[in-house]
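Below: one structure, written as structure tokens.
The values are calculated or read from the model by the stated rules, or taken from the named source; none is laboratory data. Keep in mind that this is a model prediction, so the values were computed, not measured. With ideal geometry, Cβ positions are generated from the backbone for all residues, glycine too; neighbour counts draw on all protein chains shown. Side chains are part of the model used for accessible areas, which takes the heavy atoms of the whole protein and leaves out ligands, DNA and RNA. Shrake-Rupley method; radii C 1.70, N 1.55, O 1.52, S 1.80 Å.
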Amino acid sequence: MSKSTVAVIDYGMGNLHSAAKALEHVAPGAQVLVTPDADKILSADRVVFPGVGAIRDCVGEILRLGLDEVVKEAAKSKPLLGICVGMQSMMTHSEENGGVACLDMFAGEVKFFGDDLKDAAGEKLKVPHMGWNQVKQERPHPLWKDIPDNSRFYFVHSYYVTVEDESLVTGRGHYGVPFVATLGRDNVFAAQFHPEKSSRSGLQLLKNFMEWDGTL
Amino acid sequence: MGLAKRIIPCLDVDNGRVVKGVQFVDIRDAGDPVEVARRYDEQGADEITFLDITASHEGRDTMVHTVEKMASQVFIPLTVGGGIRKLEDIRTMLNAGADKVSINTAAVFNPEFVGEAAARFGSQCIVVAIDAKKVSAEGEPNRWEIFTHGGRKPTGLDAIEWARKMVDLGAGEILLTSMDRDGTKNGFDLDVTRAISEAVHVPVIASGGVGNLQHLADGVTLGKADAVLAASIFHFGEYSIQQAKEFMAKQGIEMRMD
């Protein structure tokens, strides 16, 4: 049997080194490709769709490189993991940068945390939401294997995902408002946090992804 | 339940080696930043900050390799500071595996650099380091000024106004060091920490002066810091990160314990 392959989609936005290294770390036998090449992405066993920075730039580059169709094609057939702005790009629309149409793979809106965010005690909350926050596992999923409920993951974002179909929510976070920390449908999973920067819990999630056959 | 306060150990790195000494590492090579960072990750550090104090070009190249090596073995956020002056410096560090860069002196001499950096790479990876020193006399209202050159050169810039300006330009986080307290082990300057934390909407990291665990807790509860940075109390094995977290959690501070 040939080596299992995972493609990390490279559309020129940010540092993919960490994601690639974390995947190599959890799956020493796998081949990790960081690539913008549609053929390589579509022939890989698994696909990671990362993203950092502003959504207009991210979606702009995805469209310019024709990677929107590639992501959608991968979503039909193999385990696909969206991370951070990668996850946000999968939604219908984002409020960021004055409003940006996204890939519409999941019906939902990406919203700003706001300038007047407060916690339950009325204390002002900083934006971006930066640091380690808990994720409540809303339903069982293969990617939650060996990760205790309410584990903390590393987040850094000013915009958060909401979905129309609440049954897609696999993990919930709370920062002044409840938000979608992870979502999943069939062979697609997406996380607002950075598993590659979330120490043991994040590495376990990536390990689970590398072992996942895409079924629930 | 909510966002945890962060503990960030800081390593001074010269030519790819940790300097000022790190004594807790139970291995032959205590000067290897990757080993030191791994140990801190195991103890539960929430982030690592590297301060590159190398002066030479060769040293810079070594630093890039160090960041690469570290990013392939330690999976928590990594900030690199020291000598970040051009967009190219930022790109190099991010490509090597840093998650954030910390800009200090270059921001004072060219504030627009912070704006350009945030526009190019996103605010989430731009930390502005502020070295503040109290300039008001006893009995006067508190006033702090920005100093450069390790606290020796005043700039005339008001620290609170400066922090606001940096955030307006796109800084995603402020690393605030009290030059009065740095190295004293007398605790953070809680007044300036609180004043700046309340003045800006982005997270503030308190730095300078930590001598015991109560100082870390005070930085969060009284100083309103979102994260606390320390070096020597962890390097010399006086306290582990785990001990610090347990201590802070007992005082009701939300910490990542898993």
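Identify, by number, the condition in (1) within 14 Å of another protein chain (Cβ to nearest Cβ); (2) in contact with a strand residue (DSSP E or B) (Cβ under 9 Å, 6 or more places away or on another chain) that A:Pro140 doesn't meet.
Here A:Pro140 clears every test but (1).
Can you work out which of the residues in the range B:219-234 that are open to solvent by 10 Å² or more (accessible area, probe 1.4 Å) and either free of Cβ contacts under 8 Å to residues at least 24 places away in the same chain or within 17 Å of the chain's Cα centre (by Cα) (or both) is farthest from B:Thr49 (Cα to Cα)?
Going through the qualifying residues, I end up with B:Lys224.
Pairs only if they're at least six apart or on different chains, beta carbon under 9 angstrom, first in the range B:57-73 and over 20 Å from B:Lys86 (Cβ atoms), second part of a helix (DSSP H, G or I) and open to solvent by 50 Å² or more (accessible area, probe 1.4 Å); list them, first residue then second.
Qualifying pairs under 9 Å: B:Met70/B:Arg38; B:Ala71/A:Lys21; B:Ser72/A:Lys21; B:Ser72/A:Glu24; B:Ser72/A:His25; B:Gln73/A:Lys21; B:Gln73/A:His25; B:Gln73/B:Arg38.
Report, by residue number, each residue of the range A:66-88 that is at pLDDT 95 or above and surrounded by fewer than 17 Cβ atoms within 10 Å (Cβ to Cβ).
Across the range A:66-88, the qualifying residues are A:Gly66, A:Glu69, A:Lys72, A:Glu73, A:Lys76.
Kindly establish whether A:Ile41 is away from chain B (no Cβ under 14 Å), within 24 Å of B:Ala119 (Cβ to Cβ) and either open to solvent by less than 10 Å² (accessible area, probe 1.4 Å) or of a type in the set (A, V, I, L, M, F, W, C) (or both).
Answer is no for this residue.
Matching residues to (1) open to solvent by less than 20 Å² (accessible area, probe 1.4 Å); (2) at pLDDT below 95; (3) more than 24 Å from B:Glu173 (Cβ to Cβ); (4) assigned to a loop (DSSP other than H, G, I, E, B):
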{"residue": "A:Asp115", "(1), (2), (3), (4)": "no, yes, no, yes"}
{"residue": "A:Gly122", "(1), (2), (3), (4)": "no, yes, no, yes"}
{"residue": "A:Asn133", "(1), (2), (3), (4)": "yes, no, no, no"}
{"residue": "A:Arg139", "(1), (2), (3), (4)": "no, no, yes, yes"}
{"residue": "A:Pro148", "(1), (2), (3), (4)": "no, no, yes, yes"}
{"residue": "A:Gly173", "(1), (2), (3), (4)": "yes, no, no, no"}
{"residue": "A:Leu183", "(1), (2), (3), (4)": "yes, no, yes, no"}
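Condition first: of a type outside the set (A, V, I, L, M, F, W, C) and touching a residue at least 24 places away in the same chain (Cβ under 8 Å). Now tell me which residues in the range A:86-97 satisfy that. Working first, answer last.
Step one: of the range A:86-97, the residues of a type outside the set (A, V, I, L, M, F, W, C) are A:86, A:88-89, A:92-97.
Residues satisfying the conditions are A:Gly86, A:Gln88, A:Ser89, A:Ser94, A:Glu95, A:Glu96, A:Asn97.
Out of the residues in the range A:170-216 meeting the condition of being within 13 Å of the chain's Cα centre (by Cα) and among the β-branched types (Val, Ile, Thr), tell me which one is farthest from A:Ala44 (Cα to Cα).
Result: A:Val180.
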